[in-house]
Amino acid sequence: MKVALVGATGMVGEVMLKVLAERNFPISELMLVASERSVGKKLSYRGQEYTVIGLAEAVAAKPDIAIFSAGGDTSLEWAPKFAEAGTTVVDNSSAWRMDPDKKLVVPEINADVLTANDKIIANPNCSTIQLVMALAPLHKKYKMRRVIVSTYQSVSGTGLKAVKQLENEIVGVPGEMAYPYPIGRNALPHCDVFLENGYTKEEMKLAREPQKILDDRTFSVTATAVRIPTSGGHSESVNVEFHNDFDLNEVRQILNDTPGVTVQDNPDTNTYPMPIYAHDKDEVFVGRIRRDETNRNTLNMWVVADNLRKGAATNAVQIAEYLVEKGLV
């Protein structure tokens, strides 16, 4: 399988290489691709050194699969060019997610919507992925009416510049700012840009993407997204109102039986998900599972995942694995 990794020099690209190796993805030829300023750089994969190439050269090589993690503008310009060359693109940016002609996929939930004709496939937002991994099995059983989610998002979701800002602030060294305010010892209710409706773009991703993934517009999602001074891992406080009542033990069992989900929920032993322990793992961790005593048929839970792995790289590689397994590429 000829594979191109577009955005190979970025934070997600680095994790993508790690995940491809860990999962033994079938690669006969690997192309590491980046913007012109990174062309010529050397990167290592499985002990072998590769030279980073440009986008035009990668398109001309006609890879079977191109996994993009290079930002929306790059995806909008170059994903169609790869697709026209016969390459199947798995795109990690927001560029194609809400395009009605493009599939938005979390493999454990809706990989079966994919066909050989899908040449550009969208990877959902990191916060959306972990949210729907927890919601999907419960929605199937109890039917969601409304979801209220508040996120506590790592600086790694912004990128390397934000990670450096936090590291500099911790040691008291001045440096370049990724955010309009300090992030150390702070919380910024500002993920991505503000929109005319007063929400941020991140919050609207959380509102819209779950409906598309679950192919159901009968429930609503409202979100508040907050950046906190953790270096890796996103956390979410999730309040879900269902049409039907539920049993808490059954909820835990349903989640435990869901591939890719791990329940960590024992108040007696202070067992609950935390981003520090989700680091470098592919599972979505769910805990603090309890009934909302102020509203009928309503559940509270706490959902945590590594935003660079299941929230980005791992999910994209899983999509590629499905394409290979089903002979769609």
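Just to confirm my filter: which strands (runs of 3 or more DSSP E) fall fully inside region 32-136 and include at least 2 residues that are under 27 Å from Q153 (Cα atoms)?
By residue number, 65-68, 88-91, 120-122.
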Quick check: is even one residue across region 170-188 within 13 Å of T224 (Cβ to Cβ), not assigned by TED's automatic domain parsing to the domain that holds S69 and not in a loop (DSSP other than H, G, I, E, B)? yes
Please go through region 31-71 and give me each residue that is surrounded by fewer than 20 Cβ atoms within 10 Å (Cβ to Cβ), within 21 Å of N315 (Cβ to Cβ) and modelled with pLDDT of 95 or more, ordered by number. Y45, D64
Residues satisfying the stated conditions in region 257-297, i.e. under 12 Å from L138 (Cβ atoms), polar (S, T, N, Q) and touching a strand residue (DSSP E or B) at 6+ places or on another chain (Cβ under 7 Å): N297
Say we look at region 140-158 and pick out the residues that are in contact (Cβ under 8 Å) with a residue 12 or more places away in the chain and either among the charged types (D, E, K, R) or in contact with a Phe, Trp or Tyr (Cβ under 7 Å, 6 or more places away or on another chain) (or both); which of these is surrounded by the fewest Cβ atoms within 10 Å (Cβ to Cβ)? K141
If you take the residues in region 75-89 that are in contact with a helix residue (DSSP H, G or I) (Cβ under 9 Å, 6 or more places away or on another chain) and more than 18 Å from P124 (Cβ to Cβ), which one is surrounded by the most Cβ atoms within 10 Å (Cβ to Cβ)? F82
Is it fair to say D292 is surrounded by fewer than 18 Cβ atoms within 10 Å (Cβ to Cβ), touching a residue at least 12 places away in the same chain (Cβ under 8 Å) and acidic (D, E)? yes
State whether one or more residues within region 207-216 are assigned by TED's automatic domain parsing to the domain that holds T158, basic (K, R) and over 17 Å from V304 (Cβ atoms). yes
List the pairs whose first member sits in region 304-321 and is assigned to a helix (DSSP H, G or I), whose second member is of a type in the set (F, W, Y), and whose Cβ atoms are under 8 Å apart, counting only residues at least 6 apart or on separate chains? V317/F25; A320/F25; E321/F25
Is it the case that some residue within region 256-267 is in contact with a Leu (Cβ under 7 Å, 6 or more places away or on another chain) and at negative phi? yes
Hey, K119 hits all of (1) assigned by TED's automatic domain parsing to the domain that holds Q318; (2) more than 28 Å from V106 (Cα to Cα) but one; which does it fall short on? (2)
Would you mind telling me which numbered condition in (1) buried (at least 19 other Cβ atoms within 10 Å of the Cβ); (2) out of contact with any strand residue (DSSP E or B) (no Cβ under 7 Å at 6 or more places or on another chain); (3) modelled with pLDDT under 95 P107 fails? (3)
Looking only at region 45-52, decide whether some residue is free of Cβ contacts under 8 Å to residues at least 60 places away in the same chain and closer than 23 Å to Y322 by Cα. yes
Against the condition free of Cβ contacts under 8 Å to residues at least 40 places away in the same chain, assigned by TED's automatic domain parsing to the domain that holds L135 and either crowded, with 19+ Cβ neighbours inside 10 Å or assigned to a helix (DSSP H, G or I) (or both), how does K161 come out, does it pass? yes
Which of the residues that make up region 4-28 are small (G, A, S), part of a helix (DSSP H, G or I) and either surrounded by 18 or more Cβ atoms within 10 Å (Cβ to Cβ) or within 18 Å of the chain's Cα centre (by Cα) (or both)? G13
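The values are calculated or read from the model by the stated rules, or taken from the named source; none is laboratory data. These numbers were taken from a predicted model, which means no experiment stands behind them. All Cβ positions, even for glycine, are placed from backbone atoms using ideal geometry, and neighbour counts span all protein chains on display.
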